[in-house]
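Participant: To start, I am sharing the structure in question, which I have written as structure tokens.
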Amino acid sequence: MPATLTDEIAAAAARLVVDEGMEYAQAKRKALRSLGRSATRSTELPSNELVEAQVREHIALFCADTQPAELRALRRLALVWMQRLAEFRPHLAGAVWRGTATRLSAIHLDLFCDDTKSAELALINHGVDYDVASRPGPRGGEVDLLSLASRSPELGETVTLFLTVLDHDDLRGALKPDAQGRSWRGDATALQRLLDAEGPA
């Protein structure tokens, strides 16, 4: 069965995600341009699930010897920050949670706060430098996206963390699974179970 344009975009985007550390949305747009196409209403961009499937294939083919250790290092660093930010009910999302991260991947934590400014105050009180941007929220509108850098001793380099600041009420719909029954995010207990299942390095 010949590949559709959507399949081609997904495969090209997956290469950008793995090889350049791009986020899915940016990778899909760049993949479309790299194929000499422009976005139109008839252009069907691949879903994140389709891109993720291609990412898993790419990792299996080209990164199978290095990716597991890199993923474990990122998960351990994520757990450190989840413990530091425990009062904000942190949940790990993105490639580090889903198991497709490499050393180029950022760590994405969703914080569910009673007061959306309290997370910023906690970073300030701990002397952590961070930047503030915004992203679309789960209920429409924009939510704060805090970014900071943290050193990973295991990787020997600095990793970017993105903290999405959400309302406590958003937690109710945060754990719904994808079409394959896999969760999109997990709390510190769930992450520790993954690390325990992986065994020692």
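Nothing in this text is a laboratory measurement; each read-out follows from the coordinates by a stated rule. For clarity, every value in this text was computed on a predicted model and none was experimentally measured. Here the Cβ is made from the backbone with ideal geometry for all residues, glycine too, and neighbour counts use every protein chain on show.
Participant: How large is the dipole of the chain about the Cα centre if only Lys and Arg carry +1 and Asp and Glu carry -1, each at its Cβ, rounded to the nearest 20 debye?
Facilitator: Values: 24 positive and 29 negative charges, 75 e Å.
That gives the chain a dipole magnitude of about 360 debye.
Participant: Another question, if that's okay. What number results when the radius of gyration of the chain, computed over Cα atoms, is divided by 2.2 N^0.38 Å?
Facilitator: Numbers: Rg = 17.4 Å, N = 201, 2.2 N^0.38 = 16.5 Å.
Dividing the Cα Rg of the chain by 2.2 N^0.38 Å gives 1.05.
Participant: Taking the dipole about the Cα centre of the range 101-182, with the C-beta of Lys and Arg at +1 and of Asp and Glu at -1, give me whichever of 106, 145, 121 is farthest to the positive side.
Facilitator: Checking the options against the dipole of the range 101-182, the answer is 106.
Participant: In the range 44-101, what GluC sites (Glu not before Pro) fall in a loop by DSSP, with at most 12 other Cβ atoms inside 10 Å? Show your work: numbers first, answer last.
Facilitator: Values: sites: 44, 49, 52, 57, 70, 87; in loops: 44.
In loop regions of the range 44-101 (DSSP not H, G, I, E or B), the sparsely surrounded GluC sites (Glu not before Pro) are 44.
Participant: Could you work out how far helix 48-62 tilts from the main Cα principal axis of the chain, as a 0 to 90 degree angle to the nearest 10?
Facilitator: Helix 48-62 and the main axis of the chain meet at about 80 degrees.
Participant: Once R0 is set to 41 Å, what does the formula 1/(1 + (r/R0)^6) return for the Cβ-Cβ distance between residue 34 and residue 114, expressed as a FRET efficiency to the nearest 0.05?
Facilitator: Values: r = 44 Å, r/R0 = 1.07.
For residue 34 and residue 114, the calculated efficiency is 0.40.
Participant: Quick one: longest stretch of the chain between exposed loop trypsin sites (Lys or Arg not before Pro), exposed meaning at most 16 other C-beta atoms within 10 Å and loop per DSSP?
Facilitator: Values: sites that count: 37, 41, 117, 139, 182.
With trypsin sites (Lys or Arg not before Pro) excluded where exposed in loops, the chain gives 42-116 as its longest stretch.
Participant: Within 10 Å, Cβ to Cβ, of residue 168, how many net charges do the neighbouring residues add up to if Lys/Arg are +1 and Asp/Glu are -1?
Facilitator: Summing Lys/Arg as +1 and Asp/Glu as -1 gives -3.
Participant: Placing +1 on the Cβ of each Lys and Arg and -1 on the Cβ of each Asp and Glu in the chain, which of 24, 54, 95 has its Cα farthest towards the positive end of the resulting dipole?
Facilitator: The listed residue farthest towards the positive side: 54.
Participant: Let's test the formula: R0 of 22 Å, r as the Cβ-Cβ distance of residue 69 and residue 197. What FRET efficiency results, to the nearest 0.05? Mind dumping the intermediate values first?
Facilitator: On the way: r = 15 Å, r/R0 = 0.69.
Once the sixth-power term is evaluated, E becomes 0.90.
Participant: How compact is the range 111-201 by the rule of thumb for globular proteins, expressed as Cα Rg over 2.2 N^0.38 Å? Present the calculation step by step, with values, prior to reporting the outcome.
Facilitator: Details: Rg = 15.4 Å, N = 91, 2.2 N^0.38 = 12.2 Å.
Against the compact-globule rule of thumb, the ratio is 1.26.
Participant: Residue 178: net charge of surrounding residues, Cβ under 12 Å, Lys/Arg +1, Asp/Glu -1, itself excluded? Mind showing how you got there, number by number?
Facilitator: On the way: positive: 98, 176, 182, 185; negative: 49, 52.
Residues near residue 178 contribute +2 overall.
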